[in-house]
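Before any comments, here is the structure.
The values are calculated or read from the model by the stated rules, or taken from the named source; none is laboratory data. Fair warning: this is a prediction, and the values are worked out from it, not measured in the lab. So basically every Cβ, Gly included, is an ideal-geometry build from the backbone, and we count neighbours across all protein chains shown. Please note that ligands, DNA and RNA were not included when accessible areas were found on the heavy atoms of the full protein model with its side chains. Shrake-Rupley method; radii C 1.70, N 1.55, O 1.52, S 1.80 Å.
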Amino acid sequence: MNKIIKQVIELNKNKKEEAFVYIVKHFDNLLCSRINRVDELYREDLTQELVFGLFILIKKFVIRNYEIDDGIFTRENLL
């Protein structure tokens, strides 16, 4: 989870594409499980919608006053 938090911070600060790719790969199993529930005809569209929704959700996160202590974030540091 700490790696995801670091990538969200990186994405919101520097707009690096690698951070978003890492986050999408982390949630790949969850996305695939949802995508496989729909008809094959709609899977590509659903994939794009889910990835875009994930991007919008990540952009809404605001993480302030965070401190990295040996790679561990404490709950007080996250909003």
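Filter region 26-43 for residues that are in a helix (DSSP H, G or I), of a type in the set (Lys, Arg) and open to solvent by 90 Å² or more (accessible area, probe 1.4 Å) and give the result.
Hit for region 26-43 is Arg34, nothing else.
Starting from region 44-67, keep only residues that are loosely packed, with under 10 Cβ neighbours inside 10 Å, then list their pairs with residues that are at pLDDT below 90 whose Cβ atoms are within a distance under 7 Å, requiring at least 6 positions of separation or different chains.
Val62/Leu79; Arg64/Leu79; Asn65/Asn77; Glu67/Asn77
Could you tell me whether Gln7 is under 11 Å from the mean Cα position of the chain (by Cα) and at pLDDT 75 or above?
Details: under 11 Å from the mean Cα position of the chain (by Cα): yes; at pLDDT 75 or above: yes.
Against the criterion (under 11 Å from the mean Cα position of the chain (by Cα) and at pLDDT 75 or above), Gln7 qualifies.
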